Every structure is written in structure tokens, then in C-alpha cells.
Amino acid sequence: MVKKVAIFHEGKSRKSADEELLNLLIKDLQLDIERVKFFGMKSKSNFFKIDDTNYKELQHDIELENISKILFVLDADYEKNDRLYGGYSNTQREIEKIIKNLKLEDSADYFIMCDPKTKCGYLESFILASIPAKEKRCIEEFLDCSSFKSKENDKAILNQIYKIAYPTAPFGFSHENFDNLKEKLHNLFAKSDDKIKKEK
């Protein structure tokens, strides 16, 4: 039997922008989407709760030898909004801690969504940093002159504007910003006895 792999992401299963992007990228890489078991963690803070029900389900799957590797995908967010879990460094520290506490060091890896240059933000920041400068400028100028509230932090608004503006090519998977995530997904599907490289 081919072992499945687990991907933990923010939001609800089958209803989040994170899972949508990961689904599309996995298919673009021609990897077997049927091998993936998605776990929607809802809020980011749930990633750092060792007694979360998703982790109990994962441990059961591992005991039954149904799951061989795990990838955690979560947002960096901003340290100014959350001193404990916000920001790239805090997120990295806390997810490495939970991987260790769950005893998954040999089978788990992580990817932190953010603007690769600033190391801040979330999925939408990552996507925005991956589109051509002209398109990015259009979205930013529209947001600047709009009357939307919480423009800097409202992920849903940014995500919807992007989808409406560019419906035929929602994600630029050929952009170099996706290279690290692609590598991690390839590693996830590699032989179960291979060790996954940790994010630098």
C-alpha cells in the first residue's frame, strides 16, 4: 500500500485559500494528490497546541503506518500583531518546537508563507510578491485609493482582488518564490525513509 502524506495548513479543510493553492501546485508538479491527507488547523495558534485533535489523529495514522511524511504550512504574519507567534522568527521557533514535542523530527518539515524579501505577511503577501511588477503595482494602487477598511491586514480582500483581476492565471508557479515550496513538496512525496531537509 502506498503511504499517504499529511499537509497541515491554516483555515478549514477544503475551504481555505492555503489548501486551494497547495492543491493546484501539487497538480502542477504532477504529484499524486490522492496521497495527500489535508489537515485544516483553522487558526495559526492551533499549530502550537500539542493536544490539538488533528495531532491526535495524525499520531493514530502514524501508528497504523498510514502516514509517512508531514508538511506544516503556516503564515509568518507580523510580530507587531502577535509577539509570541507573529513574525518569521517566532513562527519558525514555535513550529520547530511543536515538531520536536510531537517527535516528528525525522518525518516533518515546514514552510512559512510570507513575502520572501521582508519575511513578513501571509499567503496573500507570498502570492503578491510572486506576480509581475506591473500587476502588483495595479493591485497596490487600487488598495491605496480604495475605501476598504483594514487594507493592510485583511487577507480576504487582497485574495479576492487578485482572483478577480487575474482569473485565468491565479498563481505564477514558475516564479522563483515558489522554488522552495516546490522542493518541499517533492521531498514530501519522496521515499518515506528519506530525511526531509529543514528550512533554512
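So the values come out like this:
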item: Rounded to 10°, Cα long-axis angle of helix 133-145 versus longest principal axis of the chain; result: 70 degrees
item: All-pairs Cα distance distribution in segment 7-136, expressed in whole percent, bin size 5 Å; result: 2, 10, 19, 23, 21, 15, 7, 3, 1, 0, 0
item: Given LYS15/LYS100; LYS12/LYS80; LYS37/LYS103; LYS4/LYS182, the pairs whose alpha carbons are separated by over 21 Å; result: LYS15/LYS100; LYS12/LYS80
item: Simple label model, 7 Å out from Cα along Cβ direction - SER147 to LYS163, nm; result: 2.5 nm
item: Sorted peptide list for 93-105, 69-81, criterion being average Cβ within 10 angstrom, highest first; result: 69-81, 93-105
item: Built amide H within the under 5 Å cut-off of LEU104, gap 5+; result: none
item: Helix 17-28 axis, angle to the chain major axis (alpha carbon atoms, nearest 10°); result: 70 degrees
item: Calculated FRET value between ASP82 and LYS117, using beta carbons and R₀ = 22 Å, to 0.05; result: 0.60
item: Built amide H within the under 5 Å cut-off of TYR110, gap 5+; result: PHE72, GLU199
item: Helix-only mean residue ellipticity at 222 nm for the chain, each DSSP H run of n ≥ 4 adding -39500 (n - 2.57), per residue, nearest 500; result: -12000 deg cm²/dmol
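We did not get these values from a lab; they are worked out from the coordinates using the rules stated. Since this is a predicted model, take the numbers as computed values, not measurements. Positions of Cβ are generated from backbone atoms using ideal geometry, with glycine treated the same way; all protein chains shown enter the neighbour counts.
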